[in-house]
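Encoded as structure tokens, the structure appears first; notes follow it.
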Amino acid sequence: MCGIVAGLAQRDISKILIEGLHRLEYRGYDSAGVAVIDPAGELRRARAVGKVRALEDELREAPLSGAIGVAHTRWATHGRPAQHNAHPHLSSERVAVVHNGIIENHEALRGELEGAGYVFTSETDTEVVAHLVDRELCSGLALPEAVNAVTARLDGAFALAVMEQRNPELLVGARQGSPLVVGVGIDEHFIASDPLALLPVTDRFIYLDEGDMVAITPAGIQVLERTGDRDELTPVTREVVRYEHSVEAAGKGEYRHFMMKEIMEQPRVLSRTLAERLDPQGVRLEAFDVSRHSFLAASAGNESGAEGGKQGVDVARLTQLFADVRQVQIIACGTSYHAGMVARYWLEEVAGIPAQVEVASEFRYRERVAAPGTLFLTLSQSGETADTLAALRDIQKLNREGPQAGHYLASLAICNVAGSSLVRESDLSLLTHAGPEIGVASTKAFTTQLVALMLTTLALRQAKGDGQTDDLLSRQLLMRLKDLPHVIEQSLALDGEIAQLAEKFMHRHHTLFLGRGSQYPIAMEGALKLKEISYIHAEAYAAGELKHGPLALIDEDMPVVAVAPMDDLMEKLKSNLQEVRARGGQLFVFADPEVSLKAGEGVHVVTVPGVCRFLAPIVYAVPLQLLSYHVAVLKGTDVDQPRNLAKSVTVE
Ligand code: G6P
């Protein structure tokens, strides 16, 4: 959702910024821009509508160079994608600003600035920031103080990078509600929305805290904390963290699309998510990290723990906490929400704990009652999704207000990014080791989330088991989990067969997905994947609901995809499928080898490797990912960057 990259170096920065924009393109791709202060001291800017490629074409015609610069890839919120709305935004040819987030009070500020004689050239909310900074500079403030004074007046979420033409040796960043990291180089330093942007130039990062500012000069990096009613800036030390993934991890490798690469990586990343987290007794609670100030930290003040500013957990305290859990409230968005829906079935059946799942954008805006002993569990690939983060902050505020306001036991984040806001602000976290996921449609992040959720379910069961030594179900599930990467490998082998099947979807306008039990969320995820990247309208139904409405839609033009593992609901699902067939619907069934379903006229059966019913949702997700991928390729859509979407949604 907009990507920022900026830097100050001893060499021309423009190529580094453009490479950074390519790497951030997953965040928004409707326009892009860059500004530098050139060797003659002039502020120069280039902007183009469309992908970063279009900006590069423009730069080939009219190259820019300079040792300091700010750049941006946009996902439009205020003002249509157009050159005049693309960032960087300038004021008086003196100040250049790039912004990620939304300035909610921009209309009032725009009115005030127009009254003061500023002329606006865009419809964006961001342009007010450029003019406000200019006004503060004119009043005599230095750039860091000017940015601080301006941010104090902004409502909403933002990450900013700002430079001033008069001072080509100073770059300022500010973070409030939107992610921003500092890339620590040797004699050159950078700011970006995501470390991925900067991997070619550094692997060391400072993850700014909420409210932090940063001033970068040739002398180094100074992180500034706002103190005393926000108008004072105090230097503060923040940990430098080494990024764990290689530059290659963020590349496409031999694949045509990131999405296919990420689908194919699943066996490996599932193994990685399981690695060192299981021992013969069960799930190792040390797998859970705790945030710096968490009440669950092994020893307060010990900062040398796990990655991303996390540290070791007090296992005894965590066991007690898990034993005290009476309910789990799961909050997430998009694909992560579907992972949460699967987990509800597991938590209730395997751990015997009631669970509720809700999308963050709904949860945060309603009056709620938390049952005593509720664990608040957030799921997010990025750890920066605005609604999910806001929901977490909301319940933390309630917790501070006291038990009568609805107290949550603790917050647990299942997340793919170690230094993300969600991880740092939750009491506990469990990382999914999926590696960078660049394709907008989530695949490996989803299946690793499911594995992490199964680990959490088993850890809760263990804690409730009061030292029960022979827990057969746990033992069986642990064994099957270890075998899971191998089963996923087998389901990836269906790729060729599914690619052929995809031809039957490419000219369709609508598709129904059906599943029952814990496969219902998998049907939802299959439908989401198809609509996201192939733009075919797809809806998912719990198969038992078919007769309450969607059956009216069935005719020979409506493909119906069903997920049919071997479980207690199999016979019921089969009856639902008969209902479709009787009305001429075309069936595409992904089925267990033991499900006796015959392919024939109007019935296509893809046999999915046999798997225990608990882990079946993870295995069945994979062929549905492949199906949507191949349909999108046949339709010629932009698989990795589908229209109107962005990977990381850091605005409401
Ligand atoms: C966006 C992405 C989805 C993702 C959702 C939640 O909509 O396009 O792929 O599932 O955000 O993101 P999160 O990072 O919180 O999992």
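Once the whole set of protein chains is in place, how much accessible area is left on TRP75, using a 1.4 Å probe, in Å² to the nearest 10?
60 Å²
In what sequence, largest accessible area first, do ARG326, ARG400 appear using a 1.4 Å probe?
Largest accessible area first, the residues go ARG400, ARG326.
Where in the range 558-587 is the amide nitrogen less than 16 Å from a point lying 7 Å along the Cα-to-Cβ axis of LYS504?
Counting backbone N atoms under 16 Å from the label point, the list is 558-564, 577-587.
Calculate for the chain the 222 nm mean residue ellipticity that helices alone would give, adding -39,500 (n - 2.57) per DSSP H run of length 4 or more and normalising by residue count, nearest 500 deg cm²/dmol.
-10500 deg cm²/dmol
Around PRO372, under 10 Å between beta carbons, what's the net of Lys plus Arg minus Asp minus Glu among the other residues?
Taking every Cβ under 10 Å from that of PRO372, the sum is 0.
Rounded, prolate or oblate for the range 374-532? Axes are the square roots of the Cα gyration tensor eigenvalues, ordered a ≥ b ≥ c, and the cut-off for rounded is a/c under 1.5.
It is oblate, given that a/c is not under 1.5 and a/b is not larger than b/c.
Please compute the modelled spin-label separation between LEU472 and ARG393, points set 7 Å along Cα→Cβ, answer in nm with one decimal.
Label-label distance for ARG393 and LEU472, simple model: 5.0 nm.
Averaged per residue, what accessible surface does the chain expose to a 1.4 Å probe, in Å²?
So the chain comes to 38 Å² accessible per residue, rounded to a whole number.
How much of the DSSP bridge set in the chain is antiparallel, in percent, rounded to the nearest 5?
Antiparallel bridges make up about 65 percent of those DSSP assigns within the chain.
At 7 Å along Cα-to-Cβ for each site, give me the label-to-label distance between HIS486 and ARG284 in nm.
2.2 nm
Starting from the Cα of LYS531, draw a straight line to each of the aspartates and glutamates and keep only those under 18 Å, dropping any in the same chain fewer than 8 residues away.
Answer for LYS531, where 18 Å is the Cα cut-off: GLU503, GLU539, ASP557, ASP638, ASP640, listed by chain and number.
Provide the net charge surrounding HIS84, with neighbours chosen by a C-beta distance below 9 Å and charges set as Lys +1, Arg +1, Asp -1, Glu -1.
Working: positive: ARG47; negative: GLU123.
Local charge sum for HIS84: 0.
If I model a spin label as a point 7 Å beyond the Cα along the Cα-Cβ vector, how far apart are those points for GLU652 and GLU556 in nm?
5.0 nm
Could you name the lysines whose alpha carbon sits less than 20 Å from that of LYS482, not counting residues in the same chain fewer than 8 places away?
LYS444
Say R0 is 25 Å: what FRET efficiency, to the nearest 0.05, do VAL369 and SER271 get from their beta-carbon distance?
0.05
List residues of the range 177-192, by number, whose backbone nitrogen lies under 13 Å from a label position 7 Å along Cα→C-beta of GLU107.
Under cut-off, by backbone N: nothing.
Want the number for GLN578 to GLU349: 0.36 nm per residue separation, take away the alpha-carbon distance, what's left?
Length gained, GLN578 through GLU349: 79.5 nm.
Take the cross-link list LYS464/LYS574; LYS51/LYS635; LYS15/LYS635 and give me the ones stretching past 31 Å between alpha-carbons.
LYS464/LYS574; LYS15/LYS635
Suppose R0 equals 51 Å; then what is the FRET efficiency for GLU571 and GLU362 from their Cβ-Cβ distance, rounded to the nearest 0.05?
For GLU571 and GLU362, the calculated efficiency is 0.90.
Using a/c under 1.5 as the rounded threshold, could you call the range 438-522 rounded, prolate or oblate? The axes a ≥ b ≥ c are square roots of the C-alpha gyration tensor eigenvalues, and prolate needs a/b larger than b/c, oblate otherwise.
Prolate.
How do 218-227, 336-345 rank on mean C-beta neighbours within 10 Å, highest first? Show your work: numbers first, answer last.
Working: 218-227: 15.8, 336-345: 25.5.
The most tightly packed comes first, giving 336-345, 218-227.
Solvent-accessible area of SER534, probe 1.4 Å, all protein chains present, reported in Å² to the nearest ten, please.
Approximately 0 Å² for this residue.
Rounded to whole Å, give me the distance from the Cα center of the range 336-374 to that of the range 495-565.
25 Å
Could you pull the accessible area for LYS444 with a 1.4 Å probe, rounded to 10 Å²?
Surface accessible to solvent at LYS444 totals approximately 0 Å².
For the chain, what log10 I(q)/I(0) values come out of the Debye formula at q = 0.07, 0.09, 0.10, 0.12 1/Å, with one point per alpha carbon and no solvent?
The Cα Debye sum returns log10 ratios of -0.47, -0.77, -0.93, -1.25.
The values are calculated or read from the model by the stated rules, or taken from the named source; none is laboratory data. Nothing here was measured: the structure is a model prediction, and the numbers come from that model. A quick note on method: Cβ atoms are made from the backbone with ideal geometry, for glycine too, and the neighbour counts reach across all protein chains shown. For the accessible areas, the whole protein counts, side chains as well, though only heavy atoms, and no ligand, DNA or RNA atoms are used. Shrake-Rupley method; radii C 1.70, N 1.55, O 1.52, S 1.80 Å.
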